[in-house]
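Engineer: I'd like to ask you about the structure that follows.
All of the numbers you see were taken from the coordinates with simple rules; none came from a lab. The structure displayed is predicted, hence computed values, not measured ones. Ideal geometry is used to build each Cβ from the backbone, glycine not excepted, and the neighbour counts take in all protein chains shown.
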Amino acid sequence: MKEIVIISGKGGTGKTSVAASFASLAAGRGVIVDCDVDAADLHLILHPEIVETNLFRSGHKAVILTDKCTECGRCLAFCRFGAIAKTTDLNNQPSYQVDPISCEGCGVCVRVCPTKSISFPENLCGEWYVSLTRFGTLVHAILATGAENSGRLVTILRQKAKQLAETAKLDYVIIDGSPGIGCPVIASLTGATVALIVTEPTVSGAHDFQRIAELTRKLKVPAMVCVNKWDINPKKAGEIRLHAETAGIASAGNIRYDSAVTDAQRAGVSVIEYKDNDLAGDFRAVWQAMELFTEKGENK
């Protein structure tokens, strides 16, 4: 079982369109994972039917138990994040409240409270799902607005997908990763078989490609590059391929600019399903290059 991670140094490069097309081409042979938990959108193309729902809890927030609180003020004095405020209740009596947005979950207030009047429950940060799609099983999630620990949630999704793939003896786990180089990207990449870096031929695309390429090198994950919309700036596309070659990153091919990508998204289908044309041929060629690359890696 091979893990293929589709990543990009910035958002909007076409990563999810590539992931959806890969899912179509590997239909019945893999588990699909949407690890872009901060802004998940693969479900818009795959139309999943949820069969399993799980709560994602991570981190803690302080909650003052007003019925036990003696208003001693120690929590306010020791909080270094300005998360505790002194207010008055309806009877004009002093009261202390915790702002859940400002609270960093350090737990100092819990430790210093002499009457044990502060609870420290685990946060409910979102939900994650196992779903059925026309291409196979999809593991995906919804992270609550402003919630942290997205890297931990990504790890949970990958572990579940690998378990399902191994149980069913499937060939692939196809991961739609997050853009950038932050924690959820690192959690998506670590230990993967190969990473496909999707970039675009622009100044920002070239810059962010270099950042994500350096991350794959540091994590020792073999990488390939795909230049999406290469024909809008062939010169810049050539510069990116040259830099990739210098960095030891193989080319998986290019994808031309075509409004059919947007049309397919509007129709809620992958490019492969939408129209069998030269554009679909580009996606197929990239997939075949990825398959060949992973097979060579196994045979080393």
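Engineer: Mean residue ellipticity at 222 nm from the helices of the chain, using -39,500 (n - 2.57) per DSSP H segment of n ≥ 4 over the full residue count, to the nearest 500 deg cm²/dmol?
Structural biologist: Numbers: 11 runs with 114 residues, N = 300.
Theoretical 222 nm ellipticity from helices: -11500 deg cm²/dmol.
Engineer: Here's a follow-up. Of the beta bridges DSSP finds with both residues in the chain, what % are antiparallel, to the nearest 5?
Structural biologist: On the way: 24 of 51 bridges.
Approximately 45 percent, going by the DSSP bridge assignments.
Engineer: Counting alpha carbon pairs within less than 8 Å and at least 6 residues apart, what relative contact order, in whole percent, applies to the chain? Before the final figure, lay out the partial values.
Structural biologist: Numbers: 615 pairs, mean separation 79.7, N = 300.
Answer for the chain is 27 percent.
Engineer: For a footprinting-style exposure proxy, rank Ser95, Ser58, Ser188, Ser24 by other Cβ within 10 Å, fewest first. Don't jump to the answer; show the numbers that get you there.
Structural biologist: Numbers: Ser95 16, Ser58 19, Ser188 27, Ser24 23.
Exposure proxy ranking, most exposed first: Ser95, Ser58, Ser24, Ser188.
Engineer: Let me ask another. Going by how many other beta carbons lie within 10 Å of each one, how would you line up Arg158, Arg266, fewest first?
Structural biologist: On the way: Arg158 23, Arg266 9.
If I rank by nearby Cβ atoms, fewest first, I get Arg266, Arg158.
Engineer: Can you tell me what the convex hull of the Cα atoms of segment 82-211 projects to on average, as an area in nm²?
Structural biologist: 13.9 nm²
Engineer: Follow-up. Rounded to the nearest angstrom and ordered from largest down, what semi-axes does the equivalent ellipsoid of segment 62-120 get from its C-alpha gyration tensor (root of 5λ)? Numbers along the way, then the final one.
Structural biologist: Details: eigenvalues 59, 32, 18 Å².
Computed over segment 62-120, the values are 17, 13, 10 Å.
Engineer: If you don't mind, another one. Using the Cα centre as the reference, give the magnitude of the dipole from point charges on the C-beta atoms of segment 1-153 (Lys, Arg: +1; Asp, Glu: -1; all else neutral), rounded to the nearest 20 debye.
Structural biologist: Details: 14 positive and 15 negative charges, 84 e Å.
With Lys and Arg at +1 and Asp and Glu at -1, about 400 debye.
Engineer: Between Asp278 and Lys218, what length comes free when the chain is fully extended (0.36 nm per residue of separation minus the Cα-Cα distance, one decimal in nm)? Working shown, then result.
Structural biologist: Working: separation 60, 0.36 × 60 = 21.60 nm, distance 3.57 nm.
This chain segment gains 18.0 nm when fully extended.
Engineer: Do any GluC sites (Glu not before Pro) in segment 193-284 lie in a DSSP loop with no more than 14 other beta carbon atoms within 10 Å, and if so, which?
Structural biologist: Numbers: sites: Glu214, Glu239, Glu245, Glu273; in loops: none.
Counting only loop positions with at most 14 other Cβ atoms within 10 Å, none of the GluC sites (Glu not before Pro) in segment 193-284 qualifies.
Engineer: Go through segment 188-200 residue by residue and turn each phi into a ³J(HN,Hα) via Karplus (6.51, -1.76, 1.60, θ = phi - 60°); whole Hz please, and just put x for glycine and proline.
Structural biologist: Per-residue couplings from phi come out as 6, 8, 3, x, 6, 6, 7, 10, 9, 8, 9, 9, 9 Hz.
Engineer: Give, as ranges by residue number, the residues of segment 102-122 whose backbone N falls under 20 Å from the point 7 Å along Cα→Cβ of Arg152.
Structural biologist: 102-111, 119-122
Engineer: What list of ³J(HN,Hα) couplings, whole Hz, do you get for segment 256-273 from phi and the Karplus terms 6.51, -1.76, 1.60, once you set θ to phi - 60° and write x for glycine and proline?
Structural biologist: Result, rounded to whole Hz: 6, 7, 7, 5, 5, 4, 5, 4, 5, 4, 4, 7, x, 9, 6, 4, 4, 6.
Engineer: Could you check the spin-label model distance between His207 and Cys106? Points 7 Å from the Cα along Cα→Cβ, value in nm.
Structural biologist: Taking the two extended label points, one gets 3.4 nm.
Engineer: Enumerate by residue number the trypsin sites (Lys or Arg not before Pro) in segment 66-103 meeting two conditions: DSSP loop (anything except H, G, I, E, B), and at most 10 other Cβ atoms within 10 Å of the site's Cβ.
Structural biologist: Of the trypsin sites (Lys or Arg not before Pro), the ones in loops of segment 66-103 whose Cβ has at most 10 other Cβ atoms within 10 Å are Arg80.
Engineer: Here's something else I'd like to know. If you put +1 on each Lys and Arg Cβ and -1 on each Asp and Glu Cβ, how big is the dipole of segment 62-120 around its Cα centre, in Debye rounded to 20? Please report the intermediate quantities before stating the final value.
Structural biologist: On the way: 6 positive and 5 negative charges, 49 e Å.
Its charge dipole is roughly 240 debye.
Engineer: Evaluate the relative contact order of segment 65-197 (contact order divided by residue number), counting alpha-carbon pairs under 8 angstrom at least 6 apart; express in whole percent.
Structural biologist: On the way: 137 pairs, mean separation 20.1, N = 133.
With pairs under 8 Å counted, the relative contact order is 15 percent.
Engineer: Taking the 0 to 90 degree range and rounding to the nearest ten, how far is the long axis of helix 203-218 tilted relative to the main principal axis of the chain, both from C-alpha atoms?
Structural biologist: 80 degrees
Engineer: Might you report the magnitude of the Cβ-based charge dipole of the chain about its Cα centre, with Lys and Arg at +1 and Asp and Glu at -1, to the nearest 20 debye?
Structural biologist: The dipole of the chain has a size of about 860 debye.
Engineer: Another one. I'd like to know which of Ile156, Ser102, Gly126 lies farthest towards the positive end of the charge dipole of segment 66-168, counting +1 on Cβ of Lys and Arg and -1 on Cβ of Asp and Glu.
Structural biologist: Ile156
Engineer: Tilt of helix 150-168 relative to the longest C-alpha principal axis of the chain, in degrees (0 to 90, nearest 10)?
Structural biologist: The angle comes out near 50 degrees.
Engineer: Among all cysteines in the chain, which have no other cysteine Cβ under 4.7 Å from their own Cβ?
Structural biologist: Cys35, Cys69, Cys72, Cys79, Cys103, Cys106, Cys113, Cys125, Cys183, Cys226
Engineer: Next question. With an 8 Å Cα cut-off and a minimum separation of 6 or more residues, compute the relative contact order for segment 62-120 in percent. Walk me through the numbers on the way to the answer.
Structural biologist: Numbers: 93 pairs, mean separation 27.7, N = 59.
Relative contact order here is 47 percent.
Engineer: Distance check, please: which entries in Lys61/Lys160; Lys169/Lys220; Lys169/Lys235; Lys15/Lys61; Lys2/Lys235; Lys61/Lys169 exceed 32 angstrom between their Cα atoms? Please list the in-between numbers first.
Structural biologist: Working: Lys61/Lys160 27 Å; Lys169/Lys220 26 Å; Lys169/Lys235 43 Å; Lys15/Lys61 35 Å; Lys2/Lys235 34 Å; Lys61/Lys169 41 Å.
Too far apart for the 32 Å limit: Lys169/Lys235; Lys15/Lys61; Lys2/Lys235; Lys61/Lys169.
Engineer: Grab every C-alpha pair in the chain, bin the distances at 10 angstrom width from 0 up to the longest one, and report whole percents.
Structural biologist: Bin by bin from 0 Å, the calculated values are 6, 25, 27, 17, 11, 9, 4, 0.
Engineer: Which whole-Hz couplings ³J(HN,Hα) result when phi for each residue of segment 13-28 is put into the Karplus expression 6.51 cos²θ - 1.76 cosθ + 1.60, θ = phi - 60°, listed in order with x for Gly and Pro?
Structural biologist: In residue order, the calculated couplings are 8, x, 4, 5, 4, 5, 4, 5, 5, 4, 4, 5, 6, 9, 3, x Hz.
Engineer: Which order results if Ser178, Ser150 are arranged by neighbouring Cβ count within 10 Å, fewest first? The partial results should precede the final answer.
Structural biologist: On the way: Ser178 28, Ser150 24.
Neighbour counts put them in this order, fewest first: Ser150, Ser178.
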